[in-house]
Amino acid sequence: MKLFTFIVLVGVCLQGAIAQQNELKFHEVKAEYFYGTIIEHNPDIAHLITGHPTGLILSYNRKPYGYNEWEGRYNYPDWGFTYIYQDLDNQFLGENHSLYGHFNFYFWKRRLSIGVGQGIAYASNPYDKETNFENNAYGSRFLSSTLLKFNFVQENIVDGLGVNLGMGVIHYSNANFKAPNNSTNTFYLSAGVSYLFNHINYPEALVPVAWGSEYYAERFHLNFVVRSGVNEADVNGLGQYPFVTLSAFVDKRINYKSTFQLGADLFISRMIEELIKYRRVAFPGDNLKEGLDARRIGVFIGHELRFNKVAFVSQVGYYTYWPYEFENRIYNRLGLKRYITENLFASVTVKAHYAKAEAVEFSLGLRL
């Protein structure tokens, strides 16, 4: 899921680079080898699970120490970039190269880190109806990729050198940008080493600080959003079509971290229009009415987790108007939002039905 949200995560990382000149900047590089297996989340990809994927994870981290107030509220998370090379150990899947923006959050006296990354992957051997029709996991050469990892870390043991052991999941999908799109999830175990530059000056202990976020709040705000992109139905060769989603919602920020939302969506999808036409011809027994409305209307509740000018968005909705029964009536939306100004924002989100993605949405919104 989550195609192209890497673009917004780059914005997350770059905002940390625009700091005052007297801020000390600490940097870390890390290399990890991993060994894993592809999880059979869908029986349609069983023929693609023939071995054990291996690969290399290379990371660059900025190591904050509390110069910026928002870093202290989240216990000084790392942020940076990750490159992954993965041999999927299957002749039809080939090899993937991926690049992510990431955050690492720390717990248990900074011995445990939980990393979340979002990026773009390049598939060396995607689906081709003539030369590689067996690869029904990746319908396009460029994919979305999500990285979730759990590491036990010991940093700066000797002269900046550290070690880590971990496990994680690497997800590849194109979020229904192009069929087929069954995706893969690789569960892996890893081991690696790290090096902290300028380790002599890095603080020995980073103690969590209470910043009093419960004392901050904002009034209700009205928001209008236009979302768009292209997607394709799960019918190979049906074609990619544009869509437009119009959203309106009210939000209330209750502290520095959390904002709650309540709103509605109008979905206008050419893909569903073409899917209805296709099913009326290919499956006349379904008795679909001619001129069946492809539009949908939904209501949703949502939450934003704020990181300075960037927010992680999560929403759950229900179709109140659903004339064509596409997937199911409950939908969800996950992604990242960047506040360009106090009143203008952009976002990249994935709209899905549970774990099945429908589309990647590129959005521009106004907050009044």
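Readers should treat all values here as calculations from the given coordinates under stated rules, not as data from a laboratory. All figures in this text were calculated on a predicted structure; none of them were measured in a lab. Glycine gets a Cβ as well: all are built from the backbone with ideal geometry, and neighbour counts include every protein chain shown.
So how do His102, His52 line up by other beta-carbon neighbours within 10 Å, fewest first? Numbers along the way, then the final one.
On the way: His102 24, His52 14.
If I rank by nearby Cβ atoms, fewest first, I get His52, His102.
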If N is the residue count of the stretch 213-367, its Cα Rg over 2.2 N^0.38 Å rounds to 1.15
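How long are the semi-axes of the ellipsoid equivalent to the chain, from square roots of 5 times the Cα gyration tensor eigenvalues, in whole Å, largest first?
Details: eigenvalues 283, 168, 41 Å².
Result for the chain: semi-axes of 38, 29, 14 Å.
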Projected-area average for the stretch 6-201 over all orientations - Cα convex hull basis, square nanometres: 11.4
Residue among Ile157, Ile49, Ile170 with the largest mean-square fluctuation in a Gaussian network model of the chain, springs linking Cα atoms under 10 Å: Ile157
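Calculate for the chain the 222 nm mean residue ellipticity that helices alone would give, adding -39,500 (n - 2.57) per DSSP H run of length 4 or more and normalising by residue count, nearest 500 deg cm²/dmol. The partial results should precede the final answer.
Values: 3 runs with 30 residues, N = 368.
Taken over the chain, the calculation gives -2500 deg cm²/dmol.
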Those chymotrypsin sites (Phe, Trp or Tyr not before Pro) from the stretch 310-368 that are DSSP loop and have at most 16 other Cβ neighbours within 10 Å turn out to be Tyr354
For the chain, take the longest principal axis of its alpha carbons; what is the angle in degrees between that and the long axis of helix 270-282, to the nearest 10 within 0 to 90? 40
Listed residue pairs exceeding 27 Å between alpha carbons, taken from Lys30/Lys178; Lys25/Lys252; Lys252/Lys309; Lys178/Lys337; Lys149/Lys309: Lys30/Lys178; Lys25/Lys252
Mind checking which of Ala352, Ala179, Ala248 has the largest fluctuation in a GNM of the chain, springs on alpha carbons under 10 Å? Ala248
Sort the stretch 154-288 into rounded, prolate or oblate with this rule: let a ≥ b ≥ c be the square roots of the eigenvalues of the Cα gyration tensor; rounded if a/c is under 1.5, and if a/c is not under 1.5, prolate when a/b is larger than b/c, oblate otherwise. oblate
Using Cα-Cα distances under 8 Å and only pairs 6 or more residues apart, what relative contact order does the chain have, in percent? 14
Among all the aspartates and glutamates, which ones have a C-alpha under 18 Å from Lys257's C-alpha, if same-chain residues fewer than 8 places away are not counted? Glu69, Glu71, Asp78, Glu214, Glu218, Glu304, Glu342
Please compute the modelled spin-label separation between Leu246 and Glu134, points set 7 Å along Cα→Cβ, answer in nm with one decimal. 4.9
Report, in degrees rounded to the nearest 10, the 0 to 90 angle that the Cα long axis of helix 6-17 makes with the longest principal axis of the chain. 20
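Starting from the stretch 128-158, pick out the GluC sites (Glu not before Pro) whose DSSP state is loop and whose Cβ has at most 16 other Cβ atoms within 10 Å. Write down the numbers at each step before the final one.
Numbers: sites: Glu130, Glu134, Glu155; in loops: Glu130, Glu134.
Passing sites in the stretch 128-158 are Glu130, Glu134.
Rg to Rh for the stretch 48-106: what is it, with Cα atoms only and Rh by Kirkwood? Don't skip to the end; give the middle numbers.
Details: Rg = 16.4 Å, Rh = 13.5 Å.
When Rh is taken as the Kirkwood radius, the ratio is 1.21.
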Quick one: among Leu196, Leu206, Leu305, which has the greatest mean-square fluctuation in a GNM of the chain with alpha-carbon springs under 10 angstrom? Leu206
Sparse-neighbour loop sites [trypsin sites (Lys or Arg not before Pro); the stretch 245-343; at most 11 other C-beta within 10 Å; DSSP]: Lys289
